[in-house]
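This report concerns only the one structure given below.
The values are calculated or read from the model by the stated rules, or taken from the named source; none is laboratory data. What you see is a predicted model, and the numbers here were worked out from it, not measured in a lab. Here the Cβ positions follow ideal geometry from the backbone for every residue, glycine too, while neighbour counts run over all protein chains shown. With ligands, DNA and RNA removed, areas are computed over all heavy atoms of the protein, side chains included. Shrake-Rupley method; radii C 1.70, N 1.55, O 1.52, S 1.80 Å.
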Amino acid sequence: MEELPEQLDLIAGHRLFRDMSRKEIMGILKNLDGKAVSFQKGDCLEDLMRSFHTQALGCVLSGWAQVCKDDVWGNRSILDFMMPNYLLGCYSTFTDANLKDFRTVATEPGQVLLLNASMLTDPSKCTDFPLLAKLEKNLITLLSERSWRMLKKLDILSGSSLREKILMYLSYEAVYFGSMTFEIPFNRQGFADYLYADRSSLSRELSKLKAEGL
């Protein structure tokens, strides 16, 4: 791993390495062949990960992206959005799920830390079990939060109308940010794709909500 001070600061701030010393983090990066790489807007992050290792995890250090699925008719839906502290590659590394139709596409430039996750799937390769236990604890926390994100989205999509879905999403974000003023990670089309809605219908409903002072 090429150690760059600014990258190490970003890495230490990722929640996968919570409650770890810099020495412990460097030990993990050495054991898991850690490599920080940059990506540009429009890049598919799965391509970066596949070029690194077949069992790769990606710790998003900076930047934003969207987890997308395109159907055979060219329609796109956004399943989730990716931001700093996000962890990529969990499903492909720890399950046999077929994910060929899913892509994580960068919406702005950033950096991702690539890790060889084979040590996590085969702990016998590890020589520092206490450190591995710390890493696995943080990994379980991140996976649990991912499950909550999916439950939250199901709750949003269960709204009986587009208006209800919009307001439920904004309500969740207001609670998350602790403020009624915040920025969402979508443009108009992206927001429609996230809610599985038509863009024109979404625009009309947003205009109504704005006119009503909501």
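About the centre of its Cα atoms, region 10-61 shows a dipole size close to 200 debye [charges on the beta carbon of Lys, Arg (+1) and Asp, Glu (-1) only; nearest 20 debye]. With all protein chains in place and a 1.4 Å probe, the accessible surface of region 112-214 carries 57 percent carbon and sulfur. Assuming a viscosity of 1.567 mPa s and a temperature of 4 °C, what translational diffusion coefficient in µm² per second does Stokes-Einstein assign to region 9-122, Rh being the Kirkwood radius over Cα pairs? For these conditions, the coefficient is 89 µm²/s.
Length gained on full extension, Ser144 to Glu108, computed as 0.36 nm times the residue gap minus the Cα-Cα distance: 10.3 nm.
Report which label in [x] 32, 19, 15; [y] 25, 22, 19; [z] 35, 18, 16 holds the value of semi-axes √(5λ) of the Cα gyration tensor in Å derived from the coordinates of this structure. The calculated read-out lines up with [z]. Working note: 222 nm ellipticity from helices only, DSSP H runs with n ≥ 4, each -39,500 (n - 2.57), summed and divided by the residues of the chain, gives -14000 deg cm²/dmol to the nearest 500. Note on Arg204 and Ile184: their simple-model spin labels are 1.8 nm apart, each label 7 Å out from Cα toward Cβ.
With respect to the chain, whose longest principal axis is taken over its alpha-carbon atoms, helix 129-157 is tilted by about 10°. Using heavy atoms of the protein chains and a probe of 1.4 Å, the accessible area assigned to Ile166 is about 0 Å².
Each Lys and Arg Cβ is given +1 and each Asp and Glu Cβ -1; about its Cα centre, the chain then shows a dipole of about 380 debye. Computed over protein heavy atoms with a 1.4 Å probe, the accessible surface of the chain works out to 56 Å² per residue.
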